[in-house]
Amino acid sequence: MKKKLIGNDWDQVLDPVFESENYHKLHNFLKEEYSTKQIFPDMYHIFTAFKLTPFSKTKVVILGQDPYHNPGQATGMSFAVMPGTTLPPSLKNIYKELYDDVGARPVNHGYLKKWADQGVLLLNAVLTVPYGHANGHQGKGWEDVTDAAIKALSERGKVVFILWGRFAQNKIPLIDESKNFIIKSSHPSPFSADRGFFGSRPFSRCNTALENFGETPIDWQLPENVTNNDLI
């Protein structure tokens, strides 16, 4: 019986990619990387975003570039960090816009599982990264997987794609805008947040689009505390 990498309907959606020669090359590359270097996230959390948000339940995609590259940060969810980790500057800016947009109170952790549980796929374009080397696994084969996921969701339709920054917006050609809704602005990074991210109101606009699709809007308010039972 074929081993399931994810454990939900994403396995069937992504099976052609997982069976490809390029993916087998990526798999062999990652085995060597994990055995010789410090790679994030740990190998058990590479597919966390897909595991938490099945294909059939995905209503929103927030696309990041690759995982955080320092110890204790990467969760397998874009922009999220493990509880107890200092909030990265981009996430602080996301929380500021979240409060200004929909009144969601900022919390002192960056574990975004509540969003994922509601159908927000927190997807990085590249799912692994070496310690201290941002974009270190770019171009090694992950893009085949994540591009296939974006295309499949686009074909299914009624998905809101939130694309912050040029890198994420380079994926627009993969998305059928007649079936889906795209929200784009500058990135929440401190280098660009003042150039169009602040005031872009992505969270309320997302919920309006979901309601227009006949879908339940997202409750963006995160819990004040995260317990061990919340961790995946």
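The values are calculated or read from the model by the stated rules, or taken from the named source; none is laboratory data. As the structure is a computational prediction, the values presented were derived from the model and not from experiment. Neighbour counts are summed over all protein chains in view; Cβ atoms, including those assigned to glycine, are modelled from backbone coordinates with ideal geometry. For the accessible areas, the whole protein counts, side chains as well, though only heavy atoms, and no ligand, DNA or RNA atoms are used. Shrake-Rupley method; radii C 1.70, N 1.55, O 1.52, S 1.80 Å.
Values for this structure:
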read-out	value
Given (1) assigned to a loop (DSSP other than H, G, I, E, B); (2) at pLDDT 95 or above; (3) open to solvent by 40 Å² or more (accessible area, probe 1.4 Å), number of the condition Ser78 does not satisfy	(3)
Output for segment 189-221, where each listed residue is open to solvent by 50 Å² or more (accessible area, probe 1.4 Å), in a loop (DSSP other than H, G, I, E, B), under 25 Å from Arg166 (Cβ atoms) and of a type outside the set (Phe, Trp, Tyr)	Pro190, Gly199, Arg201
Verdict on Gly84 being within 19 Å of Phe40 (Cα to Cα), among the small types (Gly, Ala, Ser) and either open to solvent by 10 Å² or more (accessible area, probe 1.4 Å) or over 13 Å from the mean Cα position of the chain (by Cα) (or both)	yes
Single residue of Val129, Val102 found to be open to solvent by 10 Å² or more (accessible area, probe 1.4 Å), among the aliphatic types (A, V, I, L, M) and under 22 Å from Pro190 (Cα atoms)	Val102
Among the residues listed as Ser35, Ser78, the single one being within 24 Å of Gln169 (Cβ to Cβ) and among the small types (Gly, Ala, Ser)	Ser78
Val129 vs. criteria at pLDDT 95 or above, farther than 17 Å from Pro54 by Cα and not hydroxyl-bearing (Ser, Thr, Tyr)	yes
Any pair with Cβ under 6 angstrom, 6 or more apart, that starts in segment 99-122 at a residue that is more than 21 Å from Pro67 (Cα to Cα) and ends at one that is in a helix (DSSP H, G or I) and open to solvent by 40 Å² or more (accessible area, probe 1.4 Å)	Pro106/Tyr99
Pairs, first farther than 23 Å from Ile6 by Cα and assigned to a helix (DSSP H, G or I) in segment 142-166, second of a type in the set (D, E, K, R) and open to solvent by 40 Å² or more (accessible area, probe 1.4 Å), C-beta under 9 Å, six or more apart	Gly165/Lys184
Listing of helices (runs of 4 or more DSSP H) fully contained in segment 1-60 that carry 1 or more residues being more than 21 Å from His137 (Cβ to Cβ), in contact (Cβ under 8 Å) with a residue 12 or more places away in the chain and open to solvent by less than 30 Å² (accessible area, probe 1.4 Å)	48-52
Which numbered condition Leu91 fails, given (1) part of a helix (DSSP H, G or I); (2) modelled with pLDDT of 95 or more; (3) over 14 Å from the mean Cα position of the chain (by Cα)	(3)
Among the candidates Ala168, Ala152, Ala134, residue that is open to solvent by less than 10 Å² (accessible area, probe 1.4 Å) and among the small types (Gly, Ala, Ser)	Ala168
First in segment 191-207 and free of Cβ contacts under 8 Å to residues at least 40 places away in the same chain, second anywhere and crowded, with 16+ Cβ neighbours inside 10 Å and part of a helix (DSSP H, G or I), Cβ under 8 Å, 6 or more apart	Ser192/Gly165
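Conditions tested, residue by residue: (1) within 25 Å of Val13 (Cα to Cα); (2) touching a Lys or Arg at 6+ places or on another chain (Cβ under 7 Å).
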| site | (1), (2) |
| --- | --- |
| Val145 | yes, no |
| Gln169 | yes, yes |
| Lys184 | no, no |
| Ser200 | no, no |
| Asn207 | no, no |
| Ile218 | yes, no |
| Pro223 | no, yes |
| Val226 | no, no |
